[in-house]
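**Student:** Take a look at the following structure, please.
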Ligand SMILES: Nc1ncnc2c1ncn2[C@@H]1O[C@H](COP(=O)(O)OP(=O)(O)OP(=O)(O)O)[C@@H](O)[C@H]1O
Ligand SMILES: Nc1ncnc2c1ncn2[C@@H]1O[C@H](COP(=O)(O)OP(=O)(O)OP(=O)(O)O)[C@@H](O)[C@H]1O
Ligand SMILES: [Mg+2]
Ligand SMILES: [Mg+2]
């Protein structure tokens, strides 16, 4: 089984990596642009999941066509991203862009705590789940091993779409350019007519949507429990840092590295599974202190 | 001592964090019981007052609150706790503060085996019988298995339970090969890799002592990918997930309940107390009680029993905490299951219920069939003996011969 | 000037080469600085003047050639070591400790110089404080002494930057356009006092400058840069009247 | 067309400008001079809306108070900051074109303005593809100037544009800027500069800022006149 | 010529420097303040020393706050250099486990030995890890630290035969200078030991941050290039601070461990690390006092929030922190300064000034 176990591990790794990427990419985006390491990203992820699940369960319970749960996932994510993300940015983050980044970080941490608590108050502590989409897509099998099509086909596809869409947005649209400009120097950007406030808002909402989307797409594969956000956020931190900040493609690659390494660990030495992401991060940063694709900062003197 | 205005009870339980799947139902149970008792005038005329502490809030808070309750609020008895880690801490603290403490739900057998306590008691079994019973059941139900794999949460319970299980298995069935020992992170959201590997290994038996969201996720992913068709599952804590998992938990899975806890307990289901509690609980939470609720009921049963006993012993006078502590030893009490008794090491002897899942009309989730009820004492290390050492002395056919009474779903 | 009774050779660059992709920033630079000299570097923008200073101070590693200081090889040594050897630098774009006051900027430099590492001694209590205040006076920054560096106007920032370099009591002072951005009404006064101070303290200097008046007044020698090469060197009056230099650098 | 009356400005609650009253007519070139810290930069930043300020500010009859900072460039105001502030993630050309992209200018117009810029600073055309993060001090100044010219159809604010430029270039730009008005007759320029020689070549009027106030405001007849 | 310069500054600036409404660091506001602060220090010390006689039942709470405060003090040092570590709980755990191992190996070992061991262990660990992590800045610094702590955390969990896994290890009550102590006595004794160490550390850190080395930390944040060019390596400056912070966390850990009688892997978990940072900002990075003020507030809210609204401590804490950051970025320290009408210290960069 030596050869095909490698293939299996690869498949598992890719499936896992896709989800990881979907979550981490939003984080990377927000950091790359707003320079804020958004810890609340974790709660957005969790809440996205809960909302999607609730929506899906409701659809199923009221006898709608189960295939509707797919759009429900995306709908849930978008709602959370726009409403919650939007509110956060407008009411809170906007006041702190000028402040020291440590303060910004802490604000998001505070938000994280608040949302964790609210989330418990709203959805309680019983594990939630909504696996309809997973069941609908059924299984595919390799070497006589069953995989859920949702995990090995749908998720990777979604990840790839997101990757290229985002790439295009940042590289080839005016909005993308404005985003990059504002990040570097708000005043200078304003002085050439860029509406920094709007750019920040947009970016944060987009990032938030991705966080929520990650959660929503994770819903069918897992049970939603309190504290799921906390676990995910560290992982996506690891991905973001390994990638180099604001590096969309980097995030994809490091997600793959981590996902696959983790899978192999499960096969070869399960004890390493948990620390794999961190080992990888340390190794990468050892060789490239600014992450895989991290840029050296502009000339100073 | 003279009667207090109210009998204050401090209860540590999870209201945040993943373990609140046990904590919250238990808390509901506690509140139901307190109401009941107070409705009939309290314990020997003294009404109960409950104080809850969230185990999820971290040890500092837990300790501060605990001390405050005992030293400032004047709490007389404490129930601590769900997590073995917290038990480890609270036991010595209770001993220090000289307050009677019931370990009402935590599993680890070490505490009372390693140290001697005057004020710390456990009103339920410990990990040893809770893990040996399912093994005994497995050995009897389908003896001819050659390979086994374990998927446990990566924390003390997951490790300890496997240590007990595997040690016993080694002696009972030296021929059985352990093909994989997987310990995914506590609270892991995804087990697909584990599932793939298990599919590749095709072990005859898959054991998992996981609980809560972890267990649910694992079962769903395994079910979806047809792992249940190729392997026999043994899930010693699955009783607490039955209602959540619904049809995602297939038939023919061996499930346990950390004691003889089951809302259709074959010996108790017709008893008045049992029925009324179940109804009240269902009315309050919309669900049937799970084992953590039952453990809470036992703690309260012990509480009432011990005060009656101590008051009698004290000639009708309200007892001092020393007298209460004394009365605990040899105390007999009954919760929702078979009667229990506290041994001189403070450990209760609790029966164990194991069975196999089955689909029956009237329930939109799997019920337990082919039940075996084991008497606690047979599966428990004698007083003063260390569980692992005791297990090491098993005869090869010990477990398959352990007496038990069989029931099937009615 | 290198023959009879040659003054000591301080800083020496030999065949420095550095390209950034296609861009030539240094292309075989040979330059020596002798004790007591005040060498002005002029040249069009992007000629490689700053790059030269960056290489001399170890900020950039040349792709070819070497740098010597008092016959000790210092090529691509870390800037801090080179600084400790006695080469201080003032920057084209001022480099200050933005969060601290101008005085604290100075005191920090001084305590590095004097190795004041006693963790219990207050920065403001070091004996060099007076000296630093005088230096600020000298460059005309005593009025912003207690201002947080990030709030200084451009001109003051340049001056503070120079003051920090002076605080290190260097043997050689490298200055990148020391007075650009300093109001013309003041720049001569500043430069005047600065240069006097340098002469008094026997500090040699290299300064990049675009203001030819400055050059002719204060330079003992001028080197003209062009596309990473040294076009000519010589006495100011000669060089500044060289028609080619006038065409490329000074303008009519 | 630009009219400031009794403007006070402060940064982070620190009062810096007081009683500033200036009128700038179309096609006028004004030199702001003054010592370091006099408040020249602050004055320009105030016009761009980067300081907290009180008092009247009108541009072509419109009250600047009602126009948020990022809308002011649309009025045809270009600003080249003293400390360059390029966008290092873009190339030099992208830096210059970005304003046009933001304003959504059509290709033709963009091209027109770009040529106007290259007319003043031909070097930028060759530097074009370089990453803005790598340019030298003086090169940076040019890029900043170019970027400002991309938007400046009516008013061009230059903060020490010649600082750090080699004299040849400085002179050439000074003249080129002078020439600009022939192409763009209505363009007004406010320029802070500490080097009077350069100003002589084209500045019509010199305003001296002292201690955050306008000290003198006088017509300086041109050199050649 | 200097006079000419003086005439050259606008009243704006001149005036503000004169009336001091401009952010002027208070060190320079002379001994007056130093004395004031010193008096305040003495006063607080005296108050705390009196607690066992006044609010006896709260000593354990305060003791735990002080222990944690020590760790936060360590974080404070790193904040000076503009660095946040999401991994310092590791040193906290190292301190606790050092005590756990020793006390289970030698029963009745002396408290001072445990403390010494913790200092040594965390110091050495800090030095080794520090050499490596001080290469990184900002988020990378934070993440690398996180990585280390998480690896350490998993080792604590995995090596359960040695470390007792997630249940952790008991720390048996040590003797103090040879004396066997019963619980009540022990509580008071350790309270005073912690108090002494806390006061000592506060004083030391307070001096350290004002010393050239401490000021250099701040320079690491604002301009490393210049730091290099005055002849100092940012890396070594940071390393100094890092080791100091590690030791403080280790101290906090060993004390917390002894008070709780337990060392658990949870002590090393990343949320713990960020909790420390959280508290540091809550209290206010500008002043050492903030570390302890913040901790008391944090623990108090977390403990008594339940009384207000069931299962809501995270909510309440979160809101508190946000309010503080929005209205008083300097944390409690700043609130206090405002309250007592002292000048607020300019907290970090403000938008416009960011040139
Ligand atoms: N890090 C770098 N990456 C790419 N190109 C660079 C880098 N540093 C300098 N250059 C290029 O090298 C050339 C020389 O730069 P340098 O800063 O030395 O010029 P300079 O003589 O100082 O010009 P100025 O007088 O404008 O400061 C310039 O064309 C610049 O664009
Ligand atoms: N961010 C800031 N915070 C506080 N004060 C500031 C800030 N920026 C500038 N100042 C003060 O405002 C005054 C004017 O500064 P400004 O930069 O406008 O002077 P300037 O005339 O441009 O000087 P220069 O010719 O050197 O550029 C100075 O005293 C300066 O200290
Ligand atoms: Mg230069
Ligand atoms: Mg200026």
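Just so it is clear, none of the values below were taken in a lab; they were calculated from the coordinates. Everything numeric here is computed off the predicted structure, so don't read it as measured data. All Cβ positions, even for glycine, are placed from backbone atoms using ideal geometry, and neighbour counts span all protein chains on display.
**Student:** Which distance in nm do the two modelled labels at residue E:43 and residue E:177 give, with both placed 7 Å along the Cα-to-Cβ direction?
**Tutor:** It works out to 3.1 nm between the two label points.
**Student:** Between the alpha-carbon centers of region B:244-309 and region D:18-69, tell me the distance in whole angstrom.
**Tutor:** That distance is 78 Å.
**Student:** With runs of 4+ DSSP H residues as the only contributors, calculate the mean residue ellipticity of chain D at 222 nm using -39,500 (n - 2.57) per run, divided by the residue total and rounded to the nearest 500. It would help to have the intermediate numbers written out before the result.
**Tutor:** Values: 7 runs with 77 residues, N = 225.
Rounded to the nearest 500, it is -10500 deg cm²/dmol.
**Student:** Do the sum for chain B: with -39,500 (n - 2.57) for every DSSP H run of n ≥ 4, divided by all residues, what is the mean residue ellipticity at 222 nm, to the nearest 500 deg cm²/dmol?
**Tutor:** Values: 15 runs with 166 residues, N = 410.
Helix contribution divided over all residues of chain B: -12500 deg cm²/dmol.
**Student:** While we're on this one: Select from B:313, B:30, B:358 the residue whose mean-square fluctuation is largest in a Gaussian network model of chain B (Cα-Cα springs shorter than 10 Å).
**Tutor:** B:313
**Student:** If you fit an axis through the alpha-carbon atoms of helix C:184-200 and take the longest principal axis of the Cα set of chain C, what angle between them do you get, 0 to 90°, nearest 10?
**Tutor:** Result, in degrees: 90.
**Student:** Binning at 20 angstrom from zero up to the longest distance, how are the C-alpha pair distances of the protein assembly as shown distributed in percent?
**Tutor:** 9, 32, 32, 18, 8, 1, 0
**Student:** Within 10 Å of each Cβ in A:11-22, how many Cβ atoms from other chains are there, averaged over the peptide?
**Tutor:** Taking all residues of A:11-22 together, the mean is 2.
**Student:** Treat each spin label as a single point 7 Å out from the Cα along the C-beta direction, and report the residue E:127 to residue C:73 distance in nm.
**Tutor:** 3.3
**Student:** Next question, about the same structure. If R₀ is 22 angstrom, what is the calculated FRET efficiency for the pair residue B:5 and residue E:57, using the beta carbon separation as r and rounding to 0.05?
**Tutor:** Working: r = 20 Å, r/R0 = 0.93.
With R0 = 22 Å, the Cβ-Cβ based efficiency is 0.60.
**Student:** Quick check on chain C: of the DSSP beta bridges with both residues there, what percent are antiparallel, nearest 5%?
**Tutor:** Numbers: 22 of 39 bridges.
Roughly 55 percent of the beta bridges in chain C run antiparallel, per DSSP.
**Student:** Once you average over the residues of D:93-103, how many Cβ atoms of partner chains fall within 10 Å of each Cβ? Each step should come with its number before you reach the end.
**Tutor:** On the way: counts 0, 3, 3, 0, 1, 9, 6, 2, 8, 10, 4.
Taking the mean over all residues of the peptide, I get 4.
**Student:** Contact order normalised by length for chain D, with contacts defined as Cα pairs under 8 Å and 6 or more residues apart; what percent is it?
**Tutor:** Details: 436 pairs, mean separation 64.2, N = 225.
Relative contact order, chain D: 29 percent.
**Student:** In degrees from 0 to 90, rounded to the nearest 10, what is the angle of the helix B:84-97 Cα long axis to the longest principal axis of chain B?
**Tutor:** Once rounded, the angle reads 20 degrees.
**Student:** Say a paramagnetic label sat at a point 7 Å from the Cα of residue D:56, along Cα to Cβ; which residues of region D:5-29 have their backbone N under 12 Å from it?
**Tutor:** D:5-7, D:21-23
**Student:** Below 8 Å between Cα atoms, with a sequence gap of 6+, how large is the relative contact order for chain A in percent?
**Tutor:** Relative contact order comes out at 36 percent.
**Student:** When the chain is fully extended, how far beyond the present Cα-Cα distance does residue B:358 get from residue B:395, taking 0.36 nm per residue of separation? Please list the in-between numbers first.
**Tutor:** Numbers: separation 37, 0.36 × 37 = 13.32 nm, distance 3.24 nm.
Going from the current span to full extension adds 10.1 nm.
**Student:** Run the numbers for residue A:7 and residue A:57: contour at 0.36 nm per residue of separation, minus the present Cα-Cα distance, in nm.
**Tutor:** Working: separation 50, 0.36 × 50 = 18.00 nm, distance 3.46 nm.
14.5 nm is the gain from fully extending residue A:7 to residue A:57.
**Student:** Another question about this same structure. Please give the residues of region D:1-31, grouped as numeric ranges, whose backbone N is less than 18 Å from a label point set 7 Å along the Cα-to-Cβ vector of residue D:215.
**Tutor:** Residues D:16-22, D:31 fall inside that zone.
**Student:** Count, for each residue of B:118-130, the Cβ atoms from other chains sitting within 10 Å of its Cβ, then give me the mean as a whole number.
**Tutor:** 0
**Student:** Same structure again: Quick check on chain A: helices-only [θ] at 222 nm, where DSSP H runs of length 4 and up contribute -39,500 (n - 2.57) each and the sum goes over total residues. Nearest 500, please.
**Tutor:** On the way: 12 runs with 201 residues, N = 301.
My calculation for chain A gives -22500 deg cm²/dmol from helical runs alone.
**Student:** Still on this structure: State, to one decimal in nm, how far the label point of residue E:184 lies from the label point of residue C:201, with both points 7 Å from Cα in the Cβ direction.
**Tutor:** 6.9
**Student:** Please report how far the C-alpha centroid of region C:6-52 lies from that of region E:125-144, rounded to the nearest whole angstrom.
**Tutor:** Distance between centres, Cα-based: 37 Å.
**Student:** Next question, about the same structure. Please compute the alpha carbon radius of gyration of chain A, then divide it by the globular-protein estimate 2.2 N^0.38 Å. Two decimals is fine. Kindly include the intermediate steps, with their values, before the conclusion.
**Tutor:** Values: Rg = 19.4 Å, N = 301, 2.2 N^0.38 = 19.2 Å.
For chain A, the normalised Cα radius of gyration is 1.01.
**Student:** Ok, one more. Please report the antiparallel percentage of DSSP beta bridges with both residues in region D:2-221, rounded to the nearest 5. It would help to have the intermediate numbers written out before the result.
**Tutor:** Working: 23 of 40 bridges.
That works out to approximately 60 percent antiparallel.
**Student:** Give the calculated FRET efficiency between residue E:135 and residue C:124 to the nearest 0.05, with a Förster radius of 30 Å applied to their Cβ-Cβ distance. Could you put the intermediate results ahead of the total?
**Tutor:** Details: r = 31 Å, r/R0 = 1.04.
That pair, residue E:135 with residue C:124, gives E of 0.45.
**Student:** Now for a separate question. At 0.36 nm per residue, and after removing the present C-alpha to C-alpha distance, how many nm does the segment from residue A:68 to residue A:198 gain when stretched out fully? Before the final figure, lay out the partial values.
**Tutor:** Numbers: separation 130, 0.36 × 130 = 46.80 nm, distance 3.33 nm.
Roughly 43.5 nm would be gained on extension.
**Student:** How high is the relative contact order of chain B? Use alpha-carbon pairs under 8 Å, at least six apart in sequence, and give a whole percent. List each step's numbers first, then the result.
**Tutor:** Details: 832 pairs, mean separation 76.5, N = 410.
Normalised by residue count, the contact order of chain B is 19 percent.
**Student:** Fewest to most neighbouring Cβ within 10 Å: what's the order for E:90, A:113?
**Tutor:** On the way: E:90 33, A:113 26.
The fewest-first ordering by Cβ neighbours comes to A:113, E:90.
**Student:** As an exercise, use a Förster radius of 22 Å and the Cβ-Cβ distance of residue C:35 and residue C:66 to find the FRET efficiency, rounded to the nearest 0.05. Present the calculation step by step, with values, prior to reporting the outcome.
**Tutor:** Working: r = 20 Å, r/R0 = 0.92.
FRET efficiency, residue C:35 to residue C:66: 0.65.
**Student:** In a Gaussian network model over chain D where Cα atoms closer than 10 Å are linked, find which of D:107, D:27, D:38 has the largest mean-square fluctuation.
**Tutor:** Highest fluctuation of the listed residues: D:107.
**Student:** Select from A:114, A:179, A:192 the residue whose mean-square fluctuation is largest in a Gaussian network model of chain A (Cα-Cα springs shorter than 10 Å).
**Tutor:** Looking only at A:114, A:179, A:192, the largest GNM fluctuation is found for A:192.
**Student:** When the Cα centres of region A:30-83 and region E:258-318 are compared, how far apart do they sit, in Å?
**Tutor:** Answer, in whole Å: 31.
**Student:** Moving on to the next point. For helix C:102-113, what angle does its Cα long axis make with the longest principal axis of chain C, in degrees from 0 to 90 and rounded to 10?
**Tutor:** The answer is roughly 80 degrees.
**Student:** Here's another thing I want to ask about it. Looking only at the protein assembly as shown, where both bridge partners belong to it, what percent of the DSSP beta bridges are antiparallel (to the nearest 5)? The partial results should precede the final answer.
**Tutor:** On the way: 71 of 136 bridges.
Counting only bridges with both partners in the protein assembly as shown, antiparallel ones make up about 50 percent.
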